[in-house]
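In what follows, a structure is listed as structure tokens, so that the remarks can point back to it.
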Amino acid sequence: MKSLILIVEDEPAIAENIKYALFTEGFNTKWHNCGINVLEFIKQEKVALIILDVGLPDINGMELCKQIREQSNIPVIFLTAIADEVDRIVGLEIGADDYMVKPFSPRELSARVKAVLRRTQDTPLTNDNTSQIFIIDNLKRKISYNSQPLDLSRYEFQILKILISKPGQVFSRDQLMELAWDDP
């Protein structure tokens, strides 16, 4: 099954260019010209990655990325005309996996999409496809590694559970704190 890439871009010509580049690489795409329906769409569809413009007509792409991060770990690549270093840094710090500036190379964008997907796609946590390396018991709040129970504090359990659920994904300190801690 082909991965679904969601393109959130208000310029039809740019969106068509992205769709064609990704189609030639074997991806399915869906295009939204504004951000208003994105959160609902990602709840209903299995989206592998989002390509997101910052300058959308209805919501700032940075704000939309924050909202996406509150409910999902779907990888996000910003593709925007905003080239300032501060904006690139902020984009990455709020949870984007990559940041590209327009004008852009469609081939480079396709390569970046593939690279982000390689890093973030779930991989099975099994050894010889028969015994699990990690076993998580949510009721007892225990994690075993190669059948050996680990002595973990409450927060260590939460952090390790998050890391196990998304192998290969890089989390910022703020993301881990937000996901693992109950209190602010």
| said: Could you tell me how many of the residues in region 12-38 are open to solvent by 30 Å² or more (accessible area, probe 1.4 Å), modelled with pLDDT of 95 or more and aliphatic (A, V, I, L, M)? | reply: 2
| said: Of the conditions (1) at pLDDT below 95; (2) in contact with a helix residue (DSSP H, G or I) (Cβ under 6 Å, 6 or more places away or on another chain); (3) not small (Gly, Ala, Ser), GLU9 satisfies every one except a single condition; which number is it? | reply: (1)
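Restricting attention to region 35-44, does a residue exist that is out of contact with any strand residue (DSSP E or B) (no Cβ under 9 Å at 6 or more places or on another chain) and among the polar types (S, T, N, Q)? Walk me through how you get there before you give the answer.
So the first thing to find is which residues in region 35-44 are out of contact with any strand residue (DSSP E or B) (no Cβ under 9 Å at 6 or more places or on another chain), and the list is 36-37, 39-40, 43-44.
Those left that are additionally among the polar types (S, T, N, Q): 37, 44.
The answer is yes; a qualifying residue exists.
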| request: State which residue is nearest to the chain's Cα centre (by Cα) when the search covers only region 1-25 and only residues that are of a type outside the set (A, V, I, L, M, F, W, C) and over 18 Å from VAL116 (Cα atoms). | output: GLU9
| message | Go through (1) open to solvent by less than 80 Å² (accessible area, probe 1.4 Å); (2) at pLDDT 85 or above; (3) of a type outside the set (Lys, Arg); (4) assigned to a loop (DSSP other than H, G, I, E, B) for ILE159 and report which single condition fails. | response | (4)
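Return yes or no: is GLU93 more than 20 Å from GLU25 (Cα to Cα) and in contact (Cβ under 8 Å) with a residue 40 or more places away in the chain?
Values: more than 20 Å from GLU25 (Cα to Cα): yes; in contact (Cβ under 8 Å) with a residue 40 or more places away in the chain: yes.
The answer is yes for GLU93.
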| Residues of region 93-108 being part of a helix (DSSP H, G or I) and closer than 22 Å to PHE171 by Cα, which ones? | GLU93
| request: Would you check if there is a residue in region 167-176 being modelled with pLDDT of 85 or more, in a strand (DSSP E or B), open to solvent by 30 Å² or more (accessible area, probe 1.4 Å) and not β-branched (Val, Ile, Thr)? | output: no
| said: The conditions are (1) outside any strand (DSSP E or B); (2) open to solvent by less than 10 Å² (accessible area, probe 1.4 Å), and LYS114 fails exactly one of them. Which is it? | reply: (2)
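The values are calculated or read from the model by the stated rules, or taken from the named source; none is laboratory data. Everything numeric in this text was worked out from a predicted model, so none of it was measured. Here the Cβ is made from the backbone with ideal geometry for all residues, glycine too, and neighbour counts use every protein chain on show. Areas reflect the complete protein model, heavy atoms only, side chains present, ligands, DNA and RNA absent. Shrake-Rupley method; radii C 1.70, N 1.55, O 1.52, S 1.80 Å.
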